[in-house]
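Peer 1: Here you go, one structure.
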């Protein structure tokens, strides 16, 4: 999830829509799945946005007059004239057509704004008021499970639109995200819709839709095989943002970056060289040097303010920070403090997702009668599988772990993404058995925590998130570890039920040790946003899994 920059302490009131729906009594309520289900039913409506919805234009991350941007090669939709007047929004056309991610530098635009999408979509909630890349997959799963097939298909069509007109599935549909994507789930989104018989009126319609989606999925996949996304000569991929060594544009001020500097100063033994000595107000010569060693303080107010106690952050840190945001894991310490070395790692999560992507493209090509493409995708998947086994499987640990391809050494950081290969179908039977034996590292009362490192960051211990819990649970289910999948599903849904009983909300993340939304973060982003799109979607999928097993047990003789 791409988090909004914010001050060290942020207190969020309950969202008005949630408060109107659930009156929270002073005494704690009894956890009740029916109440959770009712909340989610209501939330689908309150979280839905469209281009004719003025609330879609609101962006608390960049406080400017609303601007809506259209692709350069798209005829202006006639209904936008009414939207322009009704919402008092400036409508502009991007200065060029975009074939690849990063071709258009957002810094060249006069203002940052919302990127046009043709269909309604579900946002995560709170200040996440746009359609996000990997969030959308888990939201689509929930929509399909909830028999909201039309909205699920709209979401996927919007993602395909992003590929066609903005170069790839974006971090989210704001102009400042035109330089990066998010974890690649597009093929899985396509599959989720294709596998639901209610999504189409006929097989011919489904095939025609797939025929249109397939080449766009291929184009999106190509983002991850470009030179910049290659993890050296490993045959694996890395996260990378095409925006260069500079603070991200969605930062409203330098507070977060100052916090990173202060943490690094306070923990000198853990600093991997992210600090650069600098004056607070450098002279012309030093200003020129900082363009190479740090960032351009003349071009960026946030860069200029990113100074504390005689230090600035290195250019390499900014590259890693941007890559971390593409990974969705903002922030964790698994690849350096505050994720500042993300671009130096071939990660388990990304390469598992790309293996699944290649297998999906193989299947899509086969369904469309393209045998040559099917063979090519099978070969690509086999090659990635071999590279995953070579660089990411740690036989000595019995786990998949990230690989630092810059320094040529594996990570020793236990991270819940070790279970991604189960979901992707990469693991062998013996590897799956070994992973099952490592559940105790992550499993707590409320479900699976992100790591066993209490770094203070939100994507570390003791915190857990809906997407990683779902991918692990679905992976264990696929490999036949049904008891584990059932137990983990009960733990995480129980956490959501307890939290909703406590304060009447569903949140973006939870405390796995306490099994509730008691989330206190000391490093990085502090908020626990209300909504929440992917928590809603995963809850429905986990309940579906539990109910299916319950029905199966009742039907057994």
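Peer 1: Using alpha-carbon pairs under 8 Å, 6+ residues apart, how would you state the relative contact order of region 36-91 in percent?
Peer 2: Dividing the mean separation by the residue count of region 36-91 yields 33 percent.
Peer 1: Report the full-extension gain for the segment residue 280 to residue 438: residue separation times 0.36 nm, less the Cα-Cα distance, to one decimal in nm.
Peer 2: 52.1 nm
Peer 1: When only Cα pairs under 8 Å and 6 or more residues apart are kept, what is the percent relative contact order across region 341-449?
Peer 2: Contact order relative to length: 29 percent.
Peer 1: I would also like to ask the following. Once the cut-off is 22 Å, how many percent of the Cα-Cα pairs in region 51-225 end up in the long-distance tail?
Peer 2: Roughly 43 percent, once rounded to a whole number.
Peer 1: Let me ask something additional. List the residues of region 202-240 whose backbone N lies under 20 Å from a point placed 7 Å from the Cα of residue 375 along the Cα-to-Cβ direction.
Peer 2: none
Peer 1: Still on this model: Give the distance, in whole Å, between the Cα centre of region 488-531 and the Cα centre of region 193-264.
Peer 2: Centre-to-centre distance over Cα atoms comes out at 27 Å.
Peer 1: With a ≥ b ≥ c the root eigenvalues of the C-alpha gyration tensor of the chain, is it rounded (a/c under 1.5), prolate (a/b larger than b/c) or oblate?
Peer 2: Rounded, because the longest to shortest axis ratio a/c is under 1.5.
Peer 1: A follow-up question, please. Quote to one decimal, in nm, the extra length available between residue 65 and residue 50 on full extension: 0.36 nm per residue of separation minus the C-alpha distance between them.
Peer 2: 3.6 nm
Peer 1: For an R0 of 22 angstrom, estimate the FRET efficiency from the Cβ-Cβ distance between residue 549 and residue 195 and round to the nearest 0.05.
Peer 2: E(calc), rounded to 0.05, equals 0.70.
Peer 1: Which of 539, 274 comes first, and how do the rest follow, when ranked by fewest Cβ neighbours within 10 Å?
Peer 2: 274, 539
Peer 1: Shifting gears a bit: Could you work out how far the C-alpha centroid of region 79-129 sits from that of region 345-385, in angstrom?
Peer 2: Cα centres, region 79-129 to region 345-385: 32 Å.
Peer 1: What shape does region 26-68 have by the C-alpha gyration tensor, where a ≥ b ≥ c are the square roots of the eigenvalues, rounded means a/c under 1.5, and otherwise prolate means a/b greater than b/c and oblate the rest?
Peer 2: Cα axes put region 26-68 in the oblate bin.
Peer 1: Test of understanding: ordering 108, 287, 76, 505 by Cβ neighbours within 10 Å, fewest first, what list do you get?
Peer 2: So the ranking, lowest neighbour count to highest, is 108, 76, 287, 505.
Peer 1: Could you check the simple spin-label distance between residue 429 and residue 454, using points 7 Å along Cα→Cβ, in nm with one decimal?
Peer 2: About 4.1 nm separates the two model spin labels.
Peer 1: Still on this structure: How do 87, 303 rank when sorted from fewest to most other Cβ atoms within 10 Å of their own Cβ?
Peer 2: Fewest-to-most ranking of 87, 303: 87, 303.
Peer 1: Normalising by the residue count of the chain, find the relative contact order in percent from Cα pairs under 8 Å and 6+ residues apart.
Peer 2: Here the relative contact order equals 16 percent.
Peer 1: Have a look at the DSSP beta bridges in region 51-225 and tell me what percent are antiparallel, nearest 5.
Peer 2: Of all bridge pairs located within region 51-225, approximately 35 percent are antiparallel.
Peer 1: Another question, then. Given a Förster distance of 41 angstrom, what is the FRET efficiency for residue 396 paired with residue 293, based on the Cβ-Cβ distance and rounded to 0.05?
Peer 2: 0.60
Peer 1: Counting only helical runs of four or more DSSP H residues, what would the 222 nm mean residue ellipticity of the chain come to if each run contributes -39,500 (n - 2.57) and the total is spread over all its residues?
Peer 2: -14000 deg cm²/dmol
Peer 1: Given the peptides 416-424, 390-398, arrange them by the average over their residues of other C-beta atoms within 10 Å, most packed first.
Peer 2: Descending packing order for the listed peptides: 416-424, 390-398.
Peer 1: Which of the peptides 253-260, 160-167 is most tightly packed, and how do the rest follow, judged by the mean count of other Cβ atoms within 10 Å per residue?
Peer 2: 160-167, 253-260
Peer 1: Can you tell me the order of 195-202, 403-410 when each peptide is scored by its average per-residue count of other Cβ atoms within 10 angstrom, highest first?
Peer 2: Answer by packing, highest mean first, reads 403-410, 195-202.
Peer 1: Just the number, please: percent antiparallel of the DSSP beta bridges in the chain, rounded to the nearest 5.
Peer 2: Percentage antiparallel, nearest 5: 75.
Peer 1: If R₀ is 41 angstrom, what is the calculated FRET efficiency for the pair residue 233 and residue 255, using the beta carbon separation as r and rounding to 0.05?
Peer 2: Between residue 233 and residue 255 the formula returns 0.55.
Each value in this text was obtained by applying a stated rule to the coordinates, not by laboratory testing. All values reported here derive from a predicted model rather than from experimental measurement. Cβ: placed from backbone, ideal geometry, glycine included. Neighbour counts: every protein chain shown.
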